[in-house]
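Undergrad: Quick one: this structure, given as C-alpha cells, is what I'll be asking you about.
Just so you know, all these numbers are worked out from the coordinates, no wet-lab data involved. Since the structure is predicted, the reported quantities are computational estimates derived from the model, not experimental observations. Cβ atoms come from the backbone with ideal geometry, glycine included; neighbour counts cover every protein chain shown.
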Amino acid sequence: MTTVFVIAPTPALRAGLQAMLAGEGLEVLGAAPAPPLAALAEVVLVAGDDPGTAARALAGDEGAALVALSDDERLPGLLRSLPLRGWAIVSPEAGPEELRAAVGAAAQGLVALPRAMAEHLSGPRAAAEPLAEPLTTREGEVLSLLSEGLPNKQIALRLQISEHTVKFHIASIFAKLGAASRTEAVSIGARQGLITL
C-alpha cells in the first residue's frame, strides 16, 4: 500500500485529487494547502501555481517522493537537482489512471514525465536500439503492470494467470531486456517505448 499526502491551494482541488487517487494500492493520508514540515507519506502530490516551493520544502527528507501537477518545463531541472527518492510530473489535465501511475512510479524511485516534456529535455528523439527478441503481447502486459509497482500476486489476479506464470514472464522480460531488477526492466522498457510512465 503506497501512502500519499496531497498539497493543493483550494479545498475543492484537494478533494478532487483525493477522489482521483482513491482505490486499490493507494491510501491518501491527508491534504493541506501548504507542505508539512516533513513528508507524512511515501509520496507527496503537489498541485498549484508553484510546485517548486513544495519540492524544496520536502527535499530535506531523503525518503520523500514527489508528484507535481504542472506544465512548467523548468520544473524537471529543479526536481533533478533535489535529493528526492523519486519524482514525476503530470499534466494538470491528467486523468485518474495517469495520476495513479505517476504516483506508483515515484514511489518506486523512478522519474516519470509527460512524453512531450521528456522529448523537450532530451532533444531530438534518438531511435532506441531494437530488441534482439521482441516482447510477446503477454510480456508487454506484465511489464506494464510492473511499471505500476504491482507485486506478482496482483499481476496474476489482473491477468487471470498463476503466480508461477507471472514469474516465468518476468524472467523472460529480464532476459530480453538485459535487466537485473524490476526497476531496471521498467526503465529500459520506458526508454524502448514499450511502456509509458
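Undergrad: Once both axes come from the Cα atoms, what is the angle between helix 163-177 and the longest principal axis of the chain, in degrees from 0 to 90, rounded to 10?
TA: Tilt relative to the chain: about 90 degrees.
Undergrad: If you line up the long axis of helix 137-147 against the longest principal axis of the chain, both from Cα atoms, how many degrees apart are they, to the nearest 10?
TA: That helix lies at roughly 30 degrees to the long axis.
Undergrad: Separate question: Which label belongs to the value computed from this structure, given these candidates for Cα extents along the principal axes in Å: (1) 50, 40, 40; (2) 48, 39, 29; (3) 70, 47, 28?
TA: Matching entry in (1) 50, 40, 40; (2) 48, 39, 29; (3) 70, 47, 28: (2).
Undergrad: Considering amide H positions built from the backbone, and no H for Pro or chain starts, which residues 5 or more places from residue 110, or on another chain, come under 5 Å of its amide H?
TA: Counting only residues 5 or more places away or on other chains, the set is 87.
Undergrad: Once amide H atoms are placed 1.01 Å from N in the peptide plane, what residues at a sequence separation of 5 or more from residue 30, or on another chain, have their amide H within under 5 Å of its amide H?
TA: 6
Undergrad: Could you work out the relative contact order of the chain? I mean the mean sequence separation of Cα pairs under 8 Å and 6+ apart, divided by the number of residues, in percent.
TA: It rounds to 15 percent for the chain.
Undergrad: Once phi is turned into θ = phi - 60°, what whole-Hz ³J(HN,Hα) does the Karplus curve with 6.51, -1.76 and 1.60 give for every residue of segment 3-9, x standing for Gly and Pro?
TA: Rounded to whole hertz, the list is 9, 10, 10, 9, 10, 8, x.
Undergrad: Given the peptides 160-166, 17-23, arrange them by the average over their residues of other C-beta atoms within 10 Å, most packed first. Walk me through the numbers before you get to the answer.
TA: Details: 160-166: 13.7, 17-23: 16.1.
Descending packing order for the listed peptides: 17-23, 160-166.
Undergrad: Pairing the Cα long axis of helix 182-191 with the longest principal axis of the chain, what angle in degrees results, from 0 to 90 and rounded to the nearest 10?
TA: It is inclined by approximately 90 degrees.
Undergrad: Using modelled amide H (1.01 Å from N, peptide plane; none on Pro or chain starts), what sits under 5 Å from the amide H of residue 46, excluding residues fewer than 5 places away?
TA: 7, 67, 68, 69
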